[in-house]
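The values are calculated or read from the model by the stated rules, or taken from the named source; none is laboratory data. Small disclaimer: the values here were computed from a predicted structure and weren't measured. Reconstructed Cβ throughout: ideal geometry from the backbone, glycine too, with neighbour counts over all protein chains shown. When the accessible area is computed, the model is the full protein with side chains, heavy atoms only, and any ligands, DNA or RNA have been set aside. Shrake-Rupley method; radii C 1.70, N 1.55, O 1.52, S 1.80 Å.
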Amino acid sequence: MTTNRTRSFAAVAAIAVGVSLTACSQDAETTPTAATSAVTSTSSAAASTTEPVPTDSSDKTSAAGTESKLTVVDVRVGEHDGFDRVVYEMGGIGTPGWRVKYVDAATQEGSGKPVDIKGAAVIQVLIDGSAYPFDSGVEQYSGPNPVPGVGGVVTEVNGSNVFEGVTQSFIGVTEKQPFTVTTLSDPPRVVVDVAR
């Protein structure tokens, strides 16, 4: 009788352990699936939602992260629903800061030389936290300069040179329009959206 009770207890214990392991296994599988679903639905919602069109043309500023050493590695112009987007992609370390505003004329920092830029209005972009390639450890952008627009409000983007820790660039536009400036990461980017 003792042997039957021991066997019964062992069988019940084995079943209990099996049920517990199955439950843990299901929880482990359910959690990633739920997280994946949440990420997927967030991505789908973001993809189907249109981004806001800029409504303000005042000066915009944001401080760079301390110890930032960033170099512009790419400059792109794209077309979106209601605005044109200029992207300054950066390599190196840290978070870029920026000072962006409309200026009467495009003038090179340091030398004071005029910069030719097509367009009826000019947005100056100063990216703080910038570094020369030998300080940031990445190759500087060497593509076309100016970068042509895509047929919207941005006519061209001219310059991505570093002077005293600041990258200076100019965005030519067909007319003075509202704009926004944001910073994105992975890789670090300064993004300027100009309303059409």
Under 12 Å, Cβ to Cβ, from Gln177 - net charge with Lys/Arg +1 and Asp/Glu -1: -2
Where labels lie 7 Å past Cα in the beta-carbon direction, separation of Ser142 and Asp104 in nm: 3.9
Sparse-neighbour loop sites [GluC sites (Glu not before Pro); the range 131-196; at most 12 other C-beta within 10 Å; DSSP]: Glu139, Glu164, Glu175
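Starting from the residue with the highest accessible area, list Ser142, Ser62 in decreasing order, probe 1.4 Å.
Numbers: Ser142 110, Ser62 45 Å².
Final ranking, largest accessible area leading: Ser142, Ser62.
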Descending Cα extents along the principal axes, the range 157-196, whole Å: 30, 23, 12
